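These notes concern the structure reproduced below.
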Amino acid sequence: PAKKPAPAAAKKKAVPAPKKEAAPKEEAAPKEEAAPAPVTEEPPAPEQPLEQPPAPTDESAPVPTEAGSEVAPVPAEGSPAVPAEPPAPEPKPEKPKEEPPSCPLSLAVEEVSENSFTLTWKAPEQTGRAGLDGYVVEICKDGSSDWKAVNQEPFLSTRYTIPNLSSGDKIHVRVVAVSASGASVPATLEQPVLIREILQLPKIRMPRHLRETYIRRVGDAVNIMIPFQGKPQPEVSWTKGGQPLDTNRINIRNTARDTIFYIRQAQRGDSGKYELTVHINGAEDKATLDIQVVEPPGPPQNLKLVDVWGFNVALEWTPPVDNGNSEIKGYRVQKSDKKSGKWFTVLERCTRTSCTISDLIIGNTYSFRVFSENVCGLSDSAAVASGVASIEKTKTTYQPEKIPQRDMMEPPKFTQPLTDRATTRGYSTHLFCSVRGFPQPKIIWLKNQMEIREDPKYIALIDQGVCSLEIRKPGPFDGGVYTCKAVNPLGEASVDCRLDVK
């Protein structure tokens, strides 16, 4: 057997090969006896040797590894194989550190003004187990590499406004996500942000419901907000008929984005068209606000009872003096009879100044009144007709209607003939036909041209022109030809049929 040097253990000198040495936490590998290897001084191995598998070579000499240990040579042909020494103990792997969050997403500039700008972004895809502590925004002037954090403490919002900047500067900006595991790769804007004021022409955004006449009742509050836009902040002015507003009655409050028009208690004198002007330097935009303050109208005038005839009454009147600052939509007409004293509506929204009331009750005496109506509703009071209408009972003579005499006489006529029948012996059967005529014809039944008289075997009936003959439990001799004859003073008619008894 070939001689094989033993590998050196960490911090120990080589020992003769025959000694068996067990690796820590591993079972000792079996070894064949070999000639003692010369004792050589080996340099001490590092405390944590690098793990590298031994590389086989064609030479029989041992090949030292990077850790200072030797690898057993490959035995020559014909020589017995020598098992390899157990490897050195593997060091315990260190617990991997948790990775920091990933980079924030979609970093963009939302708005730029003359001394600030606003950033927005989205949360990173990976935030780690511990979650985000927040974000840190850093800026750097163009041409410099000195990055400065804008916020002292991390914050969790994905929107941030950087204030106190100088107009005309170009600012580079980046955002870092921070967690307990560390900071992410920063999200950086590709281009620097130029700090300048973005000019915007003035424009009034009049709400849709204010583009038409704005109607309020007397005593109601008027509270209107009208938004506008423009940069720099535009100047706002209100006028009515080209004159400034009365500040004792109307309050105006302006902000950077809207103007508020307020009246605590509206009066009819507040109606009219108000002009709103928003201007920046030489540019301006105008809008008109049309306010109409209304109240219920006055009652109609000169209500008269023009005529009474039969069950009908005719009324006339004139429009009210005061329409409540709104168009009259119609009139409501009511009646009251003297017996009950209650008022009932006859007509609603009558658009004319006259009407006819019908279907009055004979013997009653009626009074009438009329209300006017506008967008606010009915007038507070009504116009009452001075006269009353008494519906008198008229004298009429009943004349019965003359009905012409009609000749109803008619000879007999069969409307439904008899039909041939077949029946079974011992089972009763019926024969049917129908006839008409006036006077009512006399019905005669015949069998084989012989009149059937009072025979209990036969029962003859007639009802509403329907003639029937019942043959009770017929036998073979009851078969034959049966005839039904109808006779009245104007003539006669007959029908017949055959009956077979099986």
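Just the number: Rg to Rh for segment 410-501, Cα atoms, Kirkwood Rh, two decimals. Before the final figure, lay out each step's value.
Numbers: Rg = 13.0 Å, Rh = 13.3 Å.
A ratio of 0.97.
Which parts of segment 334-375 would a label at THR396 reach, counting a residue when its backbone N lies under 20 Å from a point 7 Å out along Cα-to-Cβ?
357-365
Quick one: how many Å² of TRP309 are accessible to a 1.4 Å probe, rounded to 10?
110
So if each residue of separation counts as 0.36 nm, and I subtract the Cα-Cα distance between LYS203 and LYS122, what length gain in nm does that give?
In short, 25.9 nm is gained.
Just to be sure I follow: if Rg is taken over the C-alpha atoms of segment 343-481 and Rh is the Kirkwood radius over the same atoms, what is Rg/Rh?
1.58
If you put +1 on each Lys and Arg Cβ and -1 on each Asp and Glu Cβ, how big is the dipole of segment 246-341 around its Cα centre, in Debye rounded to 20?
480
Out of the GluC sites (Glu not before Pro) in segment 431-479, which ones are loop residues according to DSSP with at most 12 other C-beta atoms within 10 Å?
Taking segment 431-479 and a limit of 12 other Cβ atoms within 10 Å, the loop GluC sites (Glu not before Pro) found are GLU454.
Set the Förster radius R0 to 41 Å, insert the Cβ-Cβ distance between ILE215 and HIS279 as r into 1/(1 + (r/R0)^6), and round the FRET efficiency to 0.05.
0.90
Given a cut-off of 19 Å, name the pairs among LYS335/LYS395; LYS342/LYS393; LYS338/LYS393; LYS122/LYS170 whose C-alpha atoms lie farther apart than that in the structure shown.
LYS335/LYS395; LYS342/LYS393; LYS122/LYS170
Give me the dipole magnitude in Debye, nearest 20, for segment 304-391 about the Cα centre, with unit charges on the beta carbon: positive for Lys and Arg, negative for Asp and Glu.
I would put it at about 240 debye.
In Å and from the alpha-carbon atoms only, list the Rg and Dmax of segment 304-391.
Both quantities, over Cα of segment 304-391: 13.2, 43 Å.
Quick check: with the 1.4 Å probe, what order do LEU119, LEU347, LEU201, LEU189 take by accessible area, largest first?
Largest accessible area first, the residues go LEU201, LEU347, LEU189, LEU119.
Decide, for segment 201-294, between rounded, prolate and oblate: order the square roots of the alpha carbon gyration tensor eigenvalues as a ≥ b ≥ c, take rounded if a/c falls under 1.5, and otherwise choose prolate if a/b is larger than b/c, else oblate.
prolate
The values are calculated or read from the model by the stated rules, or taken from the named source; none is laboratory data. Worth saying up front: this structure is predicted, and the values here are computed from it rather than measured. Cβ: placed from backbone, ideal geometry, glycine included. Neighbour counts: every protein chain shown. These accessible areas exclude ligands, DNA and RNA; they are computed on the full protein's heavy atoms, side chains included. Shrake-Rupley method; radii C 1.70, N 1.55, O 1.52, S 1.80 Å.
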